[in-house]
Amino acid sequence: MNFTELLRHVGIFGGAVIVSLALLSVFSVGMIIEKHRRFSSTFRESVKFKPEFKKFLHGGDVQNLVEAGRLHPNSYVAQVVSAGIVEYDGVAQSGGDPTASLELVTSALRDSISETLIQLKSSLGFLATVGSTAPFVGLFGTVVGIINAFRSIAATGSGGMSVVSGGIAEALVSTALGIFVAIPAVVAFNHFTGKLETFHVEMNRASSQLVNRLFKIPELKGLELDEMDEVKASKVKKEGPAYATR
């Protein structure tokens with residue numbers, strides 16, 4: 001008995017299970033293709049954006065970095081860096097102390113990382129659901145098929161192939177289709193989850209590098225030296241009269 005003959009002997013309930021699994025398979029494959037294209041696009045744009053970001057870290061112009069971020073809006077690194085630059089520039093233009101804006105910039109970077117991850121994680125829950133439930137849906141169809149096979153045996157009093165073929169067809173097709181749907185969904189989910197972990201690490205690294213670059217201000221070191229000189233001078237003034245009284 002070939003696959004076509006098996007399908008002919010499938011009952012109404014078994015056919016509903018098979019159709020459901022087939023639809024899950026179609027949606028799952030479409031989701032995998034869409035996520036693959038999305039991840040590939042954001043990775044390529046991030047690779048193109050990173051050289052400009054490295055130039056900025058080594059003393060490059062911030063305007064060139066902003067322009068590069070506009071040219072690569074889908075880059076996960078560019079989204080995080082642009083959020084930090086916008087927050088820092090907003091505080092500077094409002095007349096606030098750039099150094100005091102460290103907490104605001106850090107918060108903006110964390111929010112941008114979270115939003116970017118949410119966008120990248122969209123629809124991955126569907127793949128996880130398909131991968132975990134499809135085998136059980138197939139197993140459900142298998143159980144129903146076996147039940148139908150035994151009911152046919154009980155009704156006819158014999159166990160020939162013509163009697164149990166419908167139930168066996170439901171059982172075999174449902175089991176095979178459930179596994180067929182689940183395997184690609186599970187593999188794709190694990191693959192994309194690993195990619196997301198890599199993206200998360202790169203975004204955290206970029207945010208740390210940006211904060212270090214923005215808040216390493218040379219003028220602060222000069223101010224600290226001036227303050228130390230003023231403290232020393234005040235000590236000398238206080239100690240001067242004491243020596244004079246001796």
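Suppose every K and R has +1 on its Cβ and every D and E has -1 on its Cβ; what is the size of the dipole of the range 19-104 about the Cα centre, in Debye to the nearest 20?
Result for the range 19-104 is approximately 600 debye, rounded to the nearest 20.
Tell me, what ³J(HN,Hα) does each residue in the range 33-47 have, in order and in whole Hz, if you take phi through Karplus 6.51 cos²θ - 1.76 cosθ + 1.60 with θ = phi - 60° and put x for Gly and Pro?
5, 5, 5, 5, 5, 5, 5, 5, 5, 5, 5, 4, 5, 5, 4
Go ahead and run the numbers for FRET between R44 and F136, Cβ-Cβ distance against an R0 of 30 Å, rounding to 0.05.
After rounding, the FRET efficiency stands at 0.20.
Cα gyration tensor of the range 166-211, axes a ≥ b ≥ c as square roots of the eigenvalues: rounded (a/c below 1.5), prolate (a/b > b/c) or oblate?
Judged from the Cα gyration tensor, the range 166-211 comes out prolate (a/c at least 1.5, a/b above b/c).
Please tell me which of these pairs span more than 19 angstrom C-alpha to C-alpha: K54/K195; K55/K121; K50/K121; K50/K195; K54/K216?
Exceeds cut-off: K54/K195; K55/K121; K50/K121.
Please list 3J(HN,Hα) in residue order for the range 132-146, calculated via the Karplus relation 6.51 cos²θ - 1.76 cosθ + 1.60 where θ = phi - 60°; whole Hz, with x for glycine and proline.
In residue order, the calculated couplings are 8, 9, 4, x, 6, 4, x, 5, 4, x, 5, 4, 5, x, 5 Hz.
Roughly how many whole Å is it from the C-alpha centroid of the range 66-132 to that of the range 15-51?
When both Cα centres are located, 23 Å separates them.
The numbers here are math on the coordinates, done by the rules we state, and not lab data. Owing to the predicted nature of the structure, the values given are computational and were not obtained by experimental measurement. All Cβ positions, glycine included, derive from the backbone under ideal geometry; neighbour counts span all protein chains shown.
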